[in-house]
1. Restricting to the range 269-305, count the residues that are assigned to a helix (DSSP H, G or I) and under 15 Å from residue 356 (Cβ atoms).
2. Tally up the residues in the range 184-204 that are touching a strand residue (DSSP E or B) at 6+ places or on another chain (Cβ under 9 Å) and under 14 Å from residue 157 (Cα atoms), please.
3. Exactly one of (1) within 16 Å of ligand 2 (Cβ to nearest atom); (2) under 24 Å from the mean Cα position of the chain (by Cα); (3) farther than 23 Å from residue 463 by Cβ is unmet by residue 198. Its number?
4. Confirm whether residue 58 is touching a helix residue (DSSP H, G or I) at 6+ places or on another chain (Cβ under 9 Å) and crowded, with 22+ Cβ neighbours inside 10 Å.
5. Looking at 283, 300, 257, which is the one that is within 16 Å of ligand 1 (Cβ to nearest atom) and touching a residue at least 40 places away in the same chain (Cβ under 8 Å)?
6. Considering (1) modelled with pLDDT of 95 or more; (2) touching a strand residue (DSSP E or B) at 6+ places or on another chain (Cβ under 9 Å), say which one residue 316 fails and leave the rest.
7. Listed residues 272, 210, 239; which is away from ligand 1 (no atom under 15 Å from the Cβ) and at negative phi?
Ligand code: GLU
Ligand code: MG
């Protein structure tokens, strides 16, 4: 479970002693430095590192870093809002010691996600991990709800060096093909070993549809832990691939055309230890609350895209008939609907039933994406939102308006931002500082690619995420 208490200057009770003991242990294991990681509004993971000997000091006082990264774009240029984007000010990065992990594919290094607080010891309104921690705690306190989540990781592996800009698939072979598994055998085995050594429970690992594409799915955890895990898994994939001379892209669209990389989000709501998505009286065993949870998310999807599909490259991926889920619809095991109701097989439904949100990619900040999606689902429960009829098959084949309520999701980042602007409750759930940062950063990204054709957009973000 994730520690729900905010960091405090001087350290939470016991933190400094714990960090001192951990540092001794790490030094004994040949770890020289600790990577302190967070994800910015644009979806880029930013880091600072400290020598292992400074871990206790970091646990007590944090590590300084400018708040300006909250309005960085993916290309490292900077935009601003009323309160963010200034070169002034400083924040303190506090490692979550519960998540400290020795990096199996980066000898000499450990890793920990951070919360960011102000120098005055207050919550930083731009910290997405803090937002998600608070949102989850509030849902439990107010509504007795807890959540389990997992983020699928799809990536494309190419032959280096990426500096050349082009993409050359690391291995040949068809979708889900044995040839591709054999071709990546050593790298794949090292990846599984590294993830296991880091305590990441892998469910499956397979060659995906597109050239050079792979996927790892992992076990569900509480939402903050799931977001942390998503960041750690990507760090690990990159490091393992590099040891094999390969380069990795999590970009939603490595190429302008064809199937892209998704980051589907699996989510279930629970009350008093019971999974609300199974064993109920509703459709496919959903309880009334699970149906309302899904309905709340479904209704918000066009606006949610500004958070879950935050890059101009996201809209190269979000095309019909590519399993990315670009219609506001749901269905059981429906791979072209934005929401896929997963029931699990008989005997497992109590534990396994969940909701898969498909128009999510790995340019998204996972903390922000989970916060926005969970807030929408909880609003659905509070409002008693009604889930419309399901769909089967591919809505792309239907004449517009054929199934009431089913519409195409925004086709550009600008359209998604317009929906987000109009969605006051969602903006309020993120808080004005983060909501404004989302708008400013997305508008900055759109402006950065204005006039570029699809090929150039794909190239611009190919090796960024
Ligand atoms: N690659 C697809 C996407 O962009 C998903 C394929 C799958 O369903 O696993 O979302
Ligand atoms: Mg997949």
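The values are calculated or read from the model by the stated rules, or taken from the named source; none is laboratory data. Everything numeric in this text was worked out from a predicted model, so none of it was measured. Ideal geometry is used to build each Cβ from the backbone, glycine not excepted, and the neighbour counts take in all protein chains shown.
1. Taking the range 269-305 first, the residues assigned to a helix (DSSP H, G or I) are 283-285, 288-305.
Next cut, under 15 Å from residue 356 (Cβ atoms) only: 284, 290, 293-294, 297-298, 301, 304.
Matching residues across the range 269-305 total 8.
2. So the answer is 4.
3. Condition (1) is where residue 198 drops out.
4. Against the criterion (touching a helix residue (DSSP H, G or I) at 6+ places or on another chain (Cβ under 9 Å) and crowded, with 22+ Cβ neighbours inside 10 Å), residue 58 qualifies.
5. On the way: 283 fails: within 16 Å of ligand 1 (Cβ to nearest atom); 300 fails: within 16 Å of ligand 1 (Cβ to nearest atom).
Sole residue among the options that is within 16 Å of ligand 1 (Cβ to nearest atom) and touching a residue at least 40 places away in the same chain (Cβ under 8 Å): 257.
6. (2)
7. Only one candidate passes the filter, namely 239.
To keep it simple, each residue is scored yes or no on (1) within 16 Å of ligand 1 (Cβ to nearest atom); (2) at negative phi; (3) touching a helix residue (DSSP H, G or I) at 6+ places or on another chain (Cβ under 8 Å).
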residue	(1), (2), (3)
147	no, yes, yes
150	yes, yes, yes
175	yes, yes, no
180	yes, yes, no
186	no, yes, no
